[in-house]
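Here the structure comes first, spelled out in structure tokens, and everything after it is commentary.
Just so you know, all these numbers are worked out from the coordinates, no wet-lab data involved. The structure displayed is predicted, hence computed values, not measured ones. Cβ coordinates were reconstructed from backbone atoms using ideal geometry, including for glycine residues, and neighbour counts include every protein chain displayed.
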Amino acid sequence: MPRMKPHAPRLTLAAIFLFPPLARSQLVTYDGFEEYPSGAPIEDGPNGVSGIGLNGGFGWADAYDVNNAIKSLVRAENRAASPVIYSNGDLTIHGGDRALRFYDIANGTYALRRAMASTWDAAAGHELWASFLFRCNNTSPLPNQDFLAVGFDDNPSAAGGNPRVSVGINTTTNVFPPNQPFRFFARSTTVVANSAFAESPDIAAATTYLVVTRISASTRGNFDTVDLWLNPASATDPGPPSARIIADSGINRLTHWFIRTANLDSGDAYVIDELKIGRTYPAVIVAQPPPFALEIQPSADRSVELRWSSLLDVTLESTNAPATVPWTPVPGPFESSGAWLSLRVPTTDRAFFRLRRRGQ
């Protein structure tokens with residue numbers, strides 16, 4: 001049990017978060033796809049008609065919208081037997097039991113899109129950082145021109161579903177000769193020529209990659225710089241970009257996240273997990289909180305703040321004497337901020353707090 005400052009309540013904790021508050025606070029939007037049933041389509045209903053999209057994670061303005069023609073091919077995949085895990089240097093990111101998967105011929109001018117709750121403005125000097133884990137069952141070289149772009153734009157239409165700032169995977173030619181290299185790219189605008197490819201080994205099948213991007217503006221006009229880092233190893237500094245493109249995207253505000261696909265074939269599989277969008281590099285590569293954890297933040301006003309993930313199915317309980325007094329639920333109300341719930345507690349009383357899973 002941690003020793004607190006004088007007059008602070010004594011708190012029992014299931015776990016302590018292992019990452020700094022600053023990094024956590026800079027994580028703006030997230031989805032790890034853990035909340036969705038195994039095999040569930042990201043948008044329900046038959047192909048060809050509009051349905052209701054899943055609405056998990058945090059920092060989003062609405063639910064997922066999947067291209068109606070391919071709804072049955074975009075699902076939450078069960079990865080319990082083969083989780084998406086990235087480990088390199090200081091970084092270990094575990095994708096958990098679920099991931100987003102595109103099956104077979106899941107091709108769409110936009111394949112999937114979602115509005116973000118936060119707006120990013122070039123004129124204000126905003127930089128948008130994003131990261132995700134990526135796996136596919138395809139290996140380089142490819143006989144065709146598979147294309148998957150993860151990007152951002154200022155409206156849900158996005159030039160026919162083609163986001164104007166993006167990173168992704170493609171063969172390194174815009175024609176169709178066989179056996180072309182299959183690599184990661186950074187792109188600004190929808191023009192193929194405005195792509196910079198990572199000078200990395202060709203993409204390997206059944207291999208987990210950590211993809212990090214920064215979208216910024218070199219002036220206070222439009223977003224014009226897309227940087228790509230592939231498989232960084234540091235928790236604090238990504239090092240030089242693996243690829244960079246500088247070209248005026250024509251947009252000065254980012255409001256929607258997109259995935260666009262083309263030329264996928266029967267038997268193809270593309271998996272994305274641990275999507276993070278934030279204001280800094282450390283924010284988008286930091287691990288998510290443990291699945292069952294409570295955090296204490298002392299304050300200068302003779303109080304402490306208790307914080308825990310709003311994604312947990314738990315009840316906050318308290319007692320004055322764990323050995324003799326029963327634990328009782330704390331009624332709240334609780335403050336809500338993104339993926340976090342919090343409660344401020346005065347330090348004038350003795351108290352113990354814990355999280356208990358509901359139903360246990």
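Miscellaneous remarks
- Protection-proxy order for peptides 245-254, 38-47, 177-186, each taking the mean of Cβ atoms within 10 Å per residue, highest first: 245-254, 177-186, 38-47
- Region 102-117 - phi-based ³J(HN,Hα) in whole Hz, Karplus 6.51/-1.76/1.60, Gly and Pro as x: 9, 9, 6, 8, 8, 9, x, 3, 10, 8, 7, 8, 7, 7, 8, 6
- Whole-Hz Karplus values for region 40-46 come out as 5, x, 5, 10, 7, x, x Hz, taken residue by residue from phi with 6.51 cos²θ - 1.76 cosθ + 1.60 and θ = phi - 60°; glycine and proline positions read x.
- For the pair region 237-287 / region 90-124, the C-alpha centres are spaced 8 Å from each other.
- Selected from F258, A233, T109, residue furthest toward positive end of dipole (the chain; charges at beta carbon): A233
- Read-out Rg/Rh (Cα atoms, Kirkwood Rh), derived from the coordinates shown; its label in [x] 1.13; [y] 1.17; [z] 1.02: [z]
- Around the Cα centre of region 107-159, unit charges on the Cβ atoms of Lys, Arg, Asp and Glu (plus for the first two, minus for the last two) sum to a dipole of about 260 debye.
- Net dipole in debye of the chain [+1 Lys, Arg Cβ; -1 Asp, Glu Cβ; about Cα centre; nearest 20]: 960
- Relative contact order for region 21-285, counting Cα pairs under 8 Å that sit 6 or more residues apart, in percent: 27
- Peptides 76-83, 58-65 ordered by packing proxy, namely the average of other Cβ atoms within 10 Å per residue, highest first: 58-65, 76-83.
- Residues R354, R302 in ascending order of nearby Cβ atoms (within 10 Å, fewest first): R302, R354.
- For region 83-232, the relative contact order is 26 percent, taking Cα pairs closer than 8 Å that sit 6 or more residues apart in sequence and dividing their mean separation by the residue count.
- With a cut-off of 12 Å between beta carbons, the residues surrounding I105 carry a summed charge of -4, where Lys and Arg count +1 and Asp and Glu -1.
- Across region 207-355, the mean sequence separation of Cα contacts (distance under 8 Å, 6 or more residues apart), normalised by length, yields a relative contact order of 15 percent.
- Counted charge near E34, where neighbours are those whose Cβ lies closer than 11 Å (Asp, Glu -1; Lys, Arg +1): -3
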